[in-house]
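All remarks here apply to the structure that follows.
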Amino acid sequence: MDLDNIKKTWQETNLKPTINEDKIRKMISNKGKSAFRRLLFHEKLGLFILIIFIPIGYFVLERHTSMRVIYLITTLSGIVWQLYKINRLKKVDLQLMTITQVSKHIHWYRTAILKEISFGVVWFILFFILLGYLDISENTDHLLRRIVALSIVIVVGLVFVLLTYRLLYLNNIKKLQASIKEIEEFEKGNKE
């Protein structure tokens with residue numbers, strides 16, 4: 001009889017399990033932390049690559065001083081941009097921030113990466129077109145071969161860059177967003 005009363009009381013109160021902020025943070029940490037760490041690692045790797053590319057570009061572009069200057073300015077700007085993104089990502093604390101705060105940072109980061117991809121594609125195409133123009137204007141021998149080679153370099157480079165961004169950045173951002181969305185839905189279900 002007591003068991004039936006307890007069961008009836010339980011059903012009448014319609015208790016729903018609750019989740020506290022600590023559990024939410026642990027869920028974000030467990031699912032999103034590895035993706036977040038990978039993003040931070042890739043940003044640091046990008047910074048390292050940009051630093052290494054400064055002297056490489058200097059020697060590769062030795063015939064064209066104007067291209068050296070453009071390359072150097074772009075690379076230094078890229079280094080500053082990488083440092084900014086790294087500092088911005090370091091401010092995200094999955095343990096202490098609320099879901100909304102983390103979500104805002106991830107949304108900003110995703111938008112920044114999409115803008116970076118767009119700018120990078122345009123810069124890449126313009127840079128190689130200008131380089132090709134300067135190269136062809138010096139020597140017009142085998143013009144068609146040079147144009148075809150330049151076109152192939154541009155297409156292969158663009159495919160490589162876009163695949164790299166997708167694998168290194170966009171997939172990890174999607175994992176973080178999915179983790180945040182799952183927790184938001186869980187919280188929403190608990191409030192109802």
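Scanning segment 92-106 for residues that are in contact with a Lys or Arg (Cβ under 9 Å, 6 or more places away or on another chain) and assigned to a helix (DSSP H, G or I) gives Ile99, Ser103, His105. Of the residues making up segment 134-166, just one is surrounded by 14 or more Cβ atoms within 10 Å (Cβ to Cβ) and aromatic (Phe, Trp, Tyr), namely Tyr165. Residues considered: Lys91, Lys85. Of these, the only one that is in contact (Cβ under 8 Å) with a residue 12 or more places away in the chain, closer than 29 Å to Ser34 by Cβ and loosely packed, with under 14 Cβ neighbours inside 10 Å is Lys91. I want to confirm something. Restricting to segment 94-118 and keeping residues that are free of Cβ contacts under 8 Å to residues at least 60 places away in the same chain and hydroxyl-bearing (Ser, Thr, Tyr), which single residue is farthest from Asn171 (Cα to Cα)? My answer is Thr100.
Of all positions in segment 123-138, at least one carries a residue that is within 28 Å of the chain's Cα centre (by Cα) and closer than 30 Å to Gln177 by Cα.
Looking at this structure, is Val161 under 29 Å from Ser103 (Cβ atoms), part of a helix (DSSP H, G or I) and at pLDDT 85 or above? Answer is yes for this residue. For segment 37-82, the candidate set comprises residues that are under 19 Å from Gly132 (Cβ atoms) and charged (D, E, K, R); within that set, the residue that is surrounded by the most Cβ atoms within 10 Å (Cβ to Cβ) is Arg68.
The values are calculated or read from the model by the stated rules, or taken from the named source; none is laboratory data. Because the structure is predicted, anything quoted here is derived from the model rather than measured. Methodologically, a virtual Cβ is constructed for each residue, glycine included, from the backbone with ideal geometry; neighbour enumeration extends over all protein chains shown.
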